[in-house]
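Down below is the structure, laid out as structure tokens.
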Amino acid sequence: MRKAKVFVLILFSSLFMLFTSTNIFASSSLINKEYKSINVYEKFDIKTIQNDSSKKYNYSSSDNAVASVNSDGIVIGEKMGECYITISDDNGSSSKLNIRVGFYKGIDVSTLNGDVNYNSIKSQGIDFVMIRSSYGWYDSYDAAAGKEYGFQYDSKLYNNVKGAVENNVPFGIYHYSYAKNTSEAALEAEYTINALKSTGAYANSMSLPIAYDVEDNKYQGSIDKETLTDIVITYCTKIREAGYQPMVYANKSWFVEHLNITRLNSLGYDFWYALWPGGNIDFSNKIQIANSGIYPLIWQYTSSGSVDGANTNSGRVDLNVMYMKEQVKLTFVSDGQVVEEKGIDKNSSTTFPEVSKKGYSFVKWIDSNGNTLTEQTKFNSNTTITAVYELEGYQKGDVNRDGKINTLDVYYAMKGIVNGTLTDEEKVILDVNGDSKANTLDINIIMRYIVGQIDSLQ
């Protein structure tokens, strides 16, 4: 019996040394994080999260249509969705990186979630958190005055905001409404702002909207649609005037039956949509609010999630996705070669790359329709952008390059077009209208110039 105890002690000691060895842990995982959210067309270098970036690893994607990866570990978001990138070495060790393309994952918390461990939830891939700030607007219950719906700040507000800031987890706040008229809505807005300010300097780190939670059937269920919409607008107006972005939270029935979402959308408010379909969740497409054609910023897709360090006493937590801004892909082409590809926010402008071509002068950038593009141009769709050059030392229209523009150039150009024998340089010289095409339209302009109908080929 004594020998057995000694053996157990030795075994326990060995296991303890094994699992507390930093070298052992370092070799058990090839990367130092397991989750990454990127946008469509965004690039991510896995080597930046490798424990040993000097080593050569093998990479593969579980779904190349969602996110592809090359032999150098460069991941590209291809379309909205979720997949895994597997990182492996020649010794048979491997790790998986969960890639979310086009959205972030988050939770919403209140005092019901207890003391949230922000370091823990971040390690589990939580990108953001929405924190309940308050409900009602009174600091105490006053039955004599009929203020039965008056409550206070969420008791965990300060701790939640502090924890989010100190662990670099982006956060917003939400207020649960009991307002029955616009006057009460204005008070709730003031109360929400004061609740946020009660967190002191931490409040300055809030980067997400302030949400107005409208779903209380007892006090708001009998209010007609337009009146309740007015209540929401009053609250959101006050929030916006205070310098914050307002958001409206509701489930499908409240958005459809109790609120005029078209009015709210026209005012530029963000939406937080509660819809819990259950089963396997498909993140490959943005969800609409009740087939309205209106898309929320945040989708709360379940109330039965599990995130260690944030679960309620019932063992559950609300899970959300927050959609990234829609991206468009720009492909820059110079002399037939792609020089840069990048994604930018839809309806935004961007900088253009520096390009050159030996023996040529850069003229402009154009799209596939020949339209001139500048760094002030805003793009609303995927666009191929091509550099236009002109040959140095030669005049536009002098196709045969004899130093004169005359009928010989017309003859040379026509012959070259018919026979398909024009060189790339000759095409550039012939392209007098600047549409990056060498054709009869250019010849017509040259002929008009020769007979004096126009004074310039520009």
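All but one of (1) touching a residue at least 40 places away in the same chain (Cβ under 8 Å); (2) in contact with an Asp or Glu (Cβ under 6 Å, 6 or more places away or on another chain) hold for SER381, so report the exception by its number. The one condition SER381 does not meet is (2). In the set TYR212, TYR219, only one residue is of a type in the set (Phe, Trp, Tyr) and in a strand (DSSP E or B); that residue is TYR212.
One residue stands out among those in segment 429-458 that are of a type in the set (D, E, K, R) and under 44 Å from the mean Cα position of the chain (by Cα): the one that is surrounded by the most Cβ atoms within 10 Å (Cβ to Cβ), which is ASP431.
Within segment 82-125, being over 24 Å from the mean Cα position of the chain (by Cα), farther than 30 Å from ALA211 by Cβ and either surrounded by fewer than 16 Cβ atoms within 10 Å (Cβ to Cβ) or among the aromatic types (Phe, Trp, Tyr) (or both) holds for SER88, ASP89, ASP90, ASN91, GLY92, SER93, SER94. Of all residues in segment 313-336, those satisfying the criterion of being of a type outside the set (Ser, Thr, Tyr), more than 14 Å from the chain's Cα centre (by Cα) and under 24 Å from VAL116 (Cβ atoms) are ASN313, GLY315, ARG316, VAL317, ASP318, LEU319, ASN320.
Here segment 353-379 is the region considered, the condition is being touching a Phe, Trp or Tyr at 6+ places or on another chain (Cβ under 6 Å) and farther than 21 Å from GLU425 by Cα, and the residue that is surrounded by the fewest Cβ atoms within 10 Å (Cβ to Cβ) is GLU375. The conditions of being surrounded by fewer than 17 Cβ atoms within 10 Å (Cβ to Cβ), of a type outside the set (S, T, N, Q), more than 25 Å from the chain's Cα centre (by Cα) and under 19 Å from ARG132 (Cβ atoms) are met by GLU215.
Take the residues in segment 402-419 that are assigned to a helix (DSSP H, G or I) and among the charged types (D, E, K, R); name whichever of them is farthest from ASP431 (Cα to Cα). Only one residue fits best here, namely LYS415. Residues in segment 92-125 that are closer than 19 Å to VAL66 by Cβ and hydrophobic (A, V, I, L, M, F, W, C): 4 in all.
Just one residue in the set TYR202, TYR269 is in contact with an Asp or Glu (Cβ under 9 Å, 6 or more places away or on another chain) and either in the same structural domain as TYR153 (by TED's automatic domain parsing) or not charged (D, E, K, R) (or both); that residue is TYR202. Determine whether SER120 is in a helix (DSSP H, G or I) and within 19 Å of ASN160 (Cβ to Cβ). Criteria met by SER120.
Scanning segment 223-266 for residues that are hydrophobic (A, V, I, L, M, F, W, C) and in a helix (DSSP H, G or I) yields LEU228, ILE231, VAL232, ILE233, CYS236, ILE239, TRP254, PHE255, VAL256, ILE261, LEU264. The set of residues from segment 218-235 being within 33 Å of the chain's Cα centre (by Cα) and of a type in the set (Phe, Trp, Tyr) comprises just one member, TYR235. The strands (runs of 3 or more DSSP E) located wholly in segment 20-114 that include 3 or more residues which are touching a Leu at 6+ places or on another chain (Cβ under 9 Å) occupy 81-88, 103-109. Taking segment 270-389 and the strands (runs of 3 or more DSSP E) fully enclosed by it, the elements with 2 or more residues that are over 28 Å from GLY163 (Cα atoms) are at 327-334, 337-345, 360-366.
The values are calculated or read from the model by the stated rules, or taken from the named source; none is laboratory data. From a predicted model like this one, the values you see are computed outputs, not experimental measurements. Note that each Cβ is placed from the backbone with ideal geometry, even for glycine, and that neighbours are counted across all protein chains shown.
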